[in-house]
Amino acid sequence: MRLLTWNVAGRVARQPEQAAAIAATAPDVVALQEVTARTLPLWRAALADAGLPSIATALGGGRGDAGRRRVLGMLTAAREPLERLQAPAGVPWPERVLCCALGPVEVINVHSPIAPAPDLAKVRTHEAVASYLAGADERARIVCGDLNTPRRELDDGDVLTFAHDSAGRLRAERGERWDAAERALVHGLRERGWVDAFRELHGYGEREASWTFANDRGGWRLDHVLANGLTPTAAAYAHDWRRAGLSDHSALIVDLD
């Protein structure tokens, strides 16, 4: 199975180029974040043309901070039939977690809210997904998408979350609950036998930021594929797509057995 996950940044003018780039990789599964009501018809048509006719979506429509409408959603597409599953209980923004069964494999497409989101939306999203995954794994599972964490990866595989400041100190206004929530997926799942597809194959020698500031400065590896019951055989970030301005995130392409 070749899986591609990408935060496409809701871009309309560049959507045809995004779709062409995706099609050229010949994926079996595509997990997109930041799809909108305006771009959804474009994505449905483009992915069907690329041989991925089975599509599940979760679009925004709720109200966020100061009454602003949440417009960003998710899309998962596959060559084989997808079965939409119920979202985890307790997810504050339901359009940010999209669960689908693809035969014997469950694909959980996640777009974590950013840290300033109101009502601890980021913390509660990570907690809800971690709780959902805490039960017995009845099928192989993949968690993929823009998890908006970690802040830093250490050489030994440990992480610092955005509960910490740039000096690595735990921020008093965020605290241990925030830290535990962000660690639950990118670190906690690995403690249960899951694998981080990219790091499993490439180690921790390179930073590999999937979102950066202008001119490739700084940034973080926010986009992930975590797997249980599957073995990654290849994994690469499409940094050139980000550098070409197709999105502010790099896509991640992973082959799994």
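In debye, nearest 20, what is the charge dipole magnitude of the chain about its Cα centre with +1 on Lys and Arg Cβ and -1 on Asp and Glu Cβ, if you could check?
The calculated dipole for the chain is roughly 900 debye.
What number comes out for the charge environment of Pro104, summing +1 per Lys or Arg and -1 per Asp or Glu over other residues with Cβ under 12 Å away?
Residues near Pro104 contribute -3 overall.
State in Å² the accessible area per residue of the chain; use a 1.4 Å probe, count heavy atoms of protein chains only, and round to the nearest integer.
Details: 10900 Å² over 257 residues.
Roughly 42 Å² per residue, with all protein chains present.
Please report the carbon-and-sulfur percent of the accessible area for the range 188-257; probe 1.4 Å, protein heavy atoms only, DNA, RNA and ligands left out.
48
Using only the Cα atoms of the range 133-217, what do you get for the radius of gyration and for Dmax, in Å?
When restricted to the Cα atoms of the range 133-217, Rg and Dmax are 14.1, 44 Å.
State the percent of C-alpha pairs, over all pairs in the range 33-145, separated by a distance greater than 18 angstrom.
Roughly 51 percent, once rounded to a whole number.
With a point put 7 Å past each Cα toward its Cβ, work out how far Ala236 is from Ala13 in nm, to one decimal.
Placing both labels 7 Å beyond Cα along the Cβ direction yields 2.9 nm.
Once amide H atoms are placed 1.01 Å from N in the peptide plane, what residues at a sequence separation of 5 or more from Arg171, or on another chain, have their amide H within under 5 Å of its amide H?
Counting only residues 5 or more places away or on other chains, the set is His164, Asp165.
What is the gain in length, in nm to one decimal, between Ala167 and Ala24 on full extension, counting 0.36 nm per residue of separation less the C-alpha to C-alpha distance?
Extra length available between Ala167 and Ala24 comes to 47.4 nm.
Go through 99-112, 16-29 and give me the packing order, highest mean Cβ count within 10 Å leading.
Per-residue mean Cβ counts within 10 Å order the peptides as 99-112, 16-29.
Under a GNM of the chain (C-alpha, springs under 10 Å), which listed residue has the highest mean-square fluctuation: Ala197, Ala89, Ala130?
Of Ala197, Ala89, Ala130, the most mobile in the Gaussian network model is Ala89.
Relative contact order of the chain: what whole-number percent is it, with Cα pairs under 8 angstrom and at least 6 residues apart?
Numbers: 558 pairs, mean separation 48.9, N = 257.
Here the relative contact order equals 19 percent.
In whole percent, how big is the carbon plus sulfur part of the accessible area of the range 120-178, probe 1.4 Å, protein atoms only?
Carbon and sulfur together cover 43 percent of it.
Report the percentage of all Cα-Cα pairs in the chain whose separation exceeds 35 Å, rounded to a whole percent.
Counting pairs separated by more than 35 Å, the tail of P(r) holds 8 percent.
The values are calculated or read from the model by the stated rules, or taken from the named source; none is laboratory data. Since the structure is predicted, the reported quantities are computational estimates derived from the model, not experimental observations. Heads up, the Cβs are rebuilt from the backbone with ideal geometry, glycines too, and the neighbour counts pull from every protein chain shown. These accessible areas exclude ligands, DNA and RNA; they are computed on the full protein's heavy atoms, side chains included. Shrake-Rupley method; radii C 1.70, N 1.55, O 1.52, S 1.80 Å.
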